[in-house]
1. Scanning for something farther than 22 Å from Lys33 by Cα and in contact with a strand residue (DSSP E or B) (Cβ under 6 Å, 6 or more places away or on another chain), does the range 139-161 turn up at least one residue?
2. Can you tell me which residue is nearest to Thr83 (Cα to Cα) among those in the range 116-143 that are of a type outside the set (A, V, I, L, M, F, W, C) and exposed (fewer than 13 other Cβ atoms within 10 Å of the Cβ)?
3. Within the range 144-160, can you find the residues that are within 25 Å of Cys61 (Cβ to Cβ) and either touching an Asp or Glu at 6+ places or on another chain (Cβ under 6 Å) or surrounded by fewer than 11 Cβ atoms within 10 Å (Cβ to Cβ) (or both)?
4. Spot the failing condition for Pro64; the list is (1) out of contact with any Phe, Trp or Tyr (no Cβ under 6 Å at 6 or more places or on another chain); (2) surrounded by fewer than 14 Cβ atoms within 10 Å (Cβ to Cβ); (3) more than 30 Å from Arg146 (Cα to Cα), and only one is missed.
5. Look through the range 92-146, keep the residues that are part of a strand (DSSP E or B) and of a type in the set (Val, Ile, Thr), and return whichever of them is nearest to the chain's Cα centre (by Cα).
6. What pairs come out if I take residues in the range 105-131 that are free of Cβ contacts under 8 Å to residues at least 40 places away in the same chain and pair them with residues that are surrounded by 15 or more Cβ atoms within 10 Å (Cβ to Cβ) whose C-beta lies under 6 Å away, six or more apart or interchain?
7. Can you tell me which residue is modelled with the lowest pLDDT among those in the range 79-123 that are under 17 Å from Gly154 (Cβ atoms) and polar (S, T, N, Q)?
8. Looking only at the range 1-60, count how many residues are in a loop (DSSP other than H, G, I, E, B), at pLDDT 95 or above and aromatic (Phe, Trp, Tyr).
Amino acid sequence: MIEPFEAGQVRDGCISYGLSSYGYDIRVAPDFKVFTNVHNVIVDPKEFDDRSFVDIPEDACIIPPNSFALGRTVEYFRIPRDTLVVCVGKSTYARCGIIVNVTPLEPTWCGHLTLEISNTTPLPAKIYANEGIAQLLFLQGDREPRVAYADRKGKYQDQKGVTLPKL
């Protein structure tokens, strides 16, 4: 279900990741897209202009004040048909005003998870690649849904990198 999978908490001088008491702490890959207004394009989810972002393929990413970046997980997921996954931010980043937003991972969804990382502070914020960024909580249903994400050919199925909005 999770590749690569870390069977315990890794903490060796980094923001922790791996299996936790009731969830799994995911890592952000060194593949960031930082929001920019340099081209002054309109942010439109129906016709998204990729000039809204600057690519940062680095081990750390600086998010400008009151801005955000997109990232992706190191881990690739295959969600079972009877499971829904919810993502919450890690307290280390939350205590610095950095919020991670991810929509639920639906039953049968697979891919690298695209993460929205918001810097709510008036100062630049640093994000570390290959370290923990958020925690996934797994909810198992008592029965499988009639129609799951793969059945309806969801538009974000099997995404590989940072995936921008699609219509």
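1. yes
2. Gln140
3. Listed by number, the list holds a single entry, Lys160.
4. (2)
5. Result: Thr114.
6. Matching pairs, first to second residue: Leu105/Ile79; Leu105/Val85.
7. In this case the residue turns out to be Thr103.
8. 1
The values are calculated or read from the model by the stated rules, or taken from the named source; none is laboratory data. In this text the structure is predicted, and so the values were computed from the model without any measurement. Please note: Cβ atoms are built from the backbone with ideal geometry, for glycine as well, and neighbour counts cover all protein chains shown.
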